[in-house]
Amino acid sequence: MDTLKSAISATAARLVVEEGLEYGPAKRRAVKQLGLPTRSTLPDNDELEAAVIEHIALFCPDTQARELLALRRLALAWMERMAAFCPHLGGSVWRGSATRLSDIHLQLFCEDSKSAELSLIDHRVDYVAHTVTGLHGEPVEALSVHAFCQDLNEEIGVHLLIYDRDKVRGALRPDAKGRSPRGDLAAVRRLLQNPSI
């Protein structure tokens with residue numbers, strides 16, 4: 001990675017860890033903070049993730065491990081709550097680079113796209129419906145809630161991304177490094193029992 005991309009990665013990683021920014025906004029803000037042209041070549045998400053992991057290892061390894069465990073426990077609770085919709089955990093909570101400022105991203109694979117929303121209504125859960133960029137860059141509906149995390153004593157954003165049931169197979173294809181991009185209930189339970197896997 002060239003020097004400029006390394007500088008953008010390091011600055012963006014700090015913004016991700018210390019301010020809870022998502023990768024895209026963190027890269028753009030890093031370019032601005034560094035006074036670089038807006039068309040500068042940005043690091044890809046794998047390069048930024050490596051910088052985030054490096055930043056965590058240097059500045060907050062002890063607190064991050066505890067925070068990650070709390071977020072994974074909260075994710076599991078929501079996955080169990082939404083078990084009828086084939087939930088899968090993705091993002092930084094799944095990959096292990098999350099901190100207390102990170103949100104939880106669950107993909108739900110539903111027979112009926114409104115069924116998850118009706119479940120939240122039936123359980124009197126306040127949510128905000130909006131559209132986000134999905135698995136393959138396409139727009140998908142997301143239901144966002146604030147869930148209290150007892151272990152962290154604060155509210156955490158939980159985003160439920162709604163997909164058709166038949167999309168689940170494509171969602172499990174390994175990434176370029178051969179890693180599973182998300183995990184189902186059983187995988188998250190295994191992760192909580194043995195965080196090193």
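In the list A129, A142, which residue meets the criterion of being touching a helix residue (DSSP H, G or I) at 6+ places or on another chain (Cβ under 8 Å) and free of Cβ contacts under 8 Å to residues at least 24 places away in the same chain?
So the residue among A129, A142 that is touching a helix residue (DSSP H, G or I) at 6+ places or on another chain (Cβ under 8 Å) and free of Cβ contacts under 8 Å to residues at least 24 places away in the same chain is A129.
State which residue is surrounded by the fewest Cβ atoms within 10 Å (Cβ to Cβ) when the search covers only region 39-80 and only residues that are charged (D, E, K, R) and assigned to a loop (DSSP other than H, G, I, E, B).
R39
What are the residues in region 11-37 that are surrounded by fewer than 17 Cβ atoms within 10 Å (Cβ to Cβ) and more than 22 Å from T133 (Cα to Cα), if any?
E18, K32, Q33, L34, G35, L36, P37
Quick one: how many residues across region 160-183 are touching a helix residue (DSSP H, G or I) at 6+ places or on another chain (Cβ under 6 Å) and modelled with pLDDT under 75?
So the answer is 0.
When you go through I162, I121 one by one, which is the residue that is aliphatic (A, V, I, L, M) and crowded, with 16+ Cβ neighbours inside 10 Å?
Step by step, each of I162, I121 is checked, and only I162 is aliphatic (A, V, I, L, M) and crowded, with 16+ Cβ neighbours inside 10 Å.
Per-residue answers, yes or no, for (1) closer than 18 Å to D151 by Cβ; (2) acidic (D, E); (3) not assigned by TED's automatic domain parsing to the domain that holds A142:
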site	(1), (2), (3)
L71	yes, no, no
L74	yes, no, no
M79	yes, no, no
A83	no, no, no
V93	yes, no, no
G96	yes, no, no
L101	yes, no, no
I104	yes, no, no
E111	no, yes, no
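The values are calculated or read from the model by the stated rules, or taken from the named source; none is laboratory data. As the structure is a prediction and not an experimental result, all values here were calculated from the model. Cβ atoms come from the backbone with ideal geometry, glycine included; neighbour counts cover every protein chain shown.
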